[in-house]
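Working notes, beginning with the structure itself.
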Amino acid sequence: MSIDQQYDSLIYESGYTGHRPEYICHIMRFINNNPSLYGKFVFLLHQNVAPYLGSLLISTGYRIEFFGLSGKYRNSVKKSFSEWKMLEPFLLRNRQIREFIFLDIDPYLILLATGKFKKFGLNVRGILFQPYIHFRGPGISSIRNLKSYLKSFVFQKYATLLNSGIKQLFVLNDAAGAKSLNRNIKDIFHFLPDPIEAKPVHFESVDTILSKFRINPEKHNLLLFGRIDRRKNLINIIDGLNLLPTPMKGKINLIIAGQFDRDIESKYLHYIEKYRDEFDVFYNNDFVTTEEREVLFQHSDLVLMPYINFYSSSGVLGHTIKNKKNAVVSNKGIVSKIVSENEIGLAVDPESPQQIKNAVYELLHNQRRGSYENQMLMEEYSPYNFSKILLGELK
């Protein structure tokens, strides 16, 4: 992997699920639309991102290098040091790189504090998905959360104290949180809008997608979207929907759109089959295309996000806001704050099926659907603002 000498900023992402491909596409489009940025950035990306990029794979504005990763790791720290075995030779071959931008910096904080990284003298910027302050607040009091709170604080304090090259850490959707971190750790934290693509998308194959996902205009279509892992909380969601009055259950259509994690798949599928006679459930245990995603959000009545042990921002919320839908979310973390402040939906204890049931009932019956104003949110959380801030406005 060699690059031309003019590329002095490295944008790095080792993941390929969730928000990652969207972020990368936003940044690439921003560079393509700003000739003054041409030749400054090289992307080092997991090879599985390539299918998402389409025409963005070819550009004179930036260069892309792909790599593959294999193996499982006990924790993110071990994974980051394993990735360093690939990153160090890359940096040695490309000494002109002076800046390292992490699209997800959390797993690399300990690595950044080591001599092996600091010897390159790189300026570092990155998105911090789990600032320690998001592990505290109402409803966050378990021993597990306390451990996460302390570990995050130590990692964030340790890295920023020992590596003066860390110039900017970006906190998604939480300006007040960034100010708190500046007071308590170091004055390097900045607000970053989690991007929402404002342009409406229309497709010719809408009917095909509606049929594929069994969206029923005669029923209440409830959407659970994304990677279907333990955090998605499917069992408590099903239990909550099962508590609805019998006439209402007959009008519920739960759509589960996304690939199931292997470690939870059999348990989830068994539970779906157990309650399939109580209300309509459809699942698509597969990758969801951009086109399918857009149609799903456009035609859903309610988005379900009462995630467990999830405190950071979520791209699912962005799609919810774009399509002016309401959401049921966890009462823990930054998503709860955004939803409550902007009346986007209701926040509940994700461990309580009764609260999930109550929120679904209220949002479907009290004429609250789509009642909030999303235009100002769309403008503030635009891909343009996201990319401009992340890349350094005067780059």
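Is at least one residue of the range 12-33 within 16 Å of residue 390 (Cβ to Cβ) and without any contact (Cβ under 8 Å) to a residue 24 or more places away in the chain? Within the range 12-33, one or more residues are within 16 Å of residue 390 (Cβ to Cβ) and without any contact (Cβ under 8 Å) to a residue 24 or more places away in the chain.
What helices (runs of 4 or more DSSP H), lying completely within the range 67-123, carry at least 1 residues that are polar (S, T, N, Q) and assigned by TED's automatic domain parsing to the domain that holds residue 165?
Numbers: elements: 76-93, 109-112, 115-118.
Here the list reads 76-93.
From the set of residues in the range 319-334 that are hydrophobic (A, V, I, L, M, F, W, C) and in a helix (DSSP H, G or I), which is modelled with the highest pLDDT? First the steps, then the outcome.
First, the residues of the range 319-334 that are hydrophobic (A, V, I, L, M, F, W, C): 321, 327-329, 334.
Retained after the next criterion (residues that are in a helix (DSSP H, G or I)): 321, 334.
Details: 321: 92, 334: 85.
Only one residue tops the list, namely 321.
Using the structure shown, decide if residue 217 is assigned by TED's automatic domain parsing to the domain that holds residue 353 and either part of a loop (DSSP other than H, G, I, E, B) or among the charged types (D, E, K, R) (or both). Here the answer is yes, as residue 217 does meet what is asked. Per the conditions (1) at pLDDT 90 or above; (2) buried (at least 21 other Cβ atoms within 10 Å of the Cβ), the sole criterion not satisfied by residue 251 is (2).
Counting just the residues of the range 254-313 that are β-branched (Val, Ile, Thr) and in a loop (DSSP other than H, G, I, E, B), which one comes out nearest to residue 372 (Cα to Cα)? It would help to see each step written out before you state the result.
Filtering the range 254-313 down to residues β-branched (Val, Ile, Thr) leaves 255-256, 264, 272, 281, 288-290, 295, 303, 308.
Narrowing the set further to residues that are in a loop (DSSP other than H, G, I, E, B) leaves 288-289, 308.
Numbers: 288: 27, 289: 28, 308: 25 Å.
Within the range 254-313, the match that is nearest to residue 372 (Cα to Cα) is 308.
Report yes if some residue within the range 138-146 is at pLDDT below 90, surrounded by fewer than 15 Cβ atoms within 10 Å (Cβ to Cβ) and in contact with a strand residue (DSSP E or B) (Cβ under 6 Å, 6 or more places away or on another chain); otherwise report no.
Keep residues of the range 138-146 that are at pLDDT below 90, which gives 138-146.
Next, only the ones that are surrounded by fewer than 15 Cβ atoms within 10 Å (Cβ to Cβ) stay: 138, 141-144, 146.
Narrowing further to those that are in contact with a strand residue (DSSP E or B) (Cβ under 6 Å, 6 or more places away or on another chain): none.
Scanning the range 138-146 turns up no residue that is at pLDDT below 90, surrounded by fewer than 15 Cβ atoms within 10 Å (Cβ to Cβ) and in contact with a strand residue (DSSP E or B) (Cβ under 6 Å, 6 or more places away or on another chain).
Please verify whether residue 48 is polar (S, T, N, Q), in the same structural domain as residue 188 (by TED's automatic domain parsing) and more than 30 Å from residue 258 (Cα to Cα), treating the condition exactly as stated. Taking the combined requirement at face value, the residue does not satisfy it. Restricting attention to the range 6-21, the residues being over 20 Å from residue 69 (Cα atoms) and modelled with pLDDT under 95 number 3. Residue check: residue 271 meets all listed conditions (1) over 21 Å from the mean Cα position of the chain (by Cα); (2) not assigned by TED's automatic domain parsing to the domain that holds residue 306 but one, namely (2). Just one of the listed residues (239, 286, 280) is surrounded by fewer than 21 Cβ atoms within 10 Å (Cβ to Cβ), touching a strand residue (DSSP E or B) at 6+ places or on another chain (Cβ under 7 Å) and either assigned by TED's automatic domain parsing to the domain that holds residue 131 or modelled with pLDDT of 90 or more (or both), namely 280. Which one is surrounded by the fewest Cβ atoms within 10 Å (Cβ to Cβ) among residues in the range 305-338 that are under 18 Å from residue 235 (Cβ atoms) and aliphatic (A, V, I, L, M)? Filtering first and then ranking leaves 308.
The values are calculated or read from the model by the stated rules, or taken from the named source; none is laboratory data. In this text the structure is predicted, and so the values were computed from the model without any measurement. For neighbour counting, all protein chains shown are included, and Cβ atoms are generated from backbone atoms with ideal geometry for every residue, glycine included.
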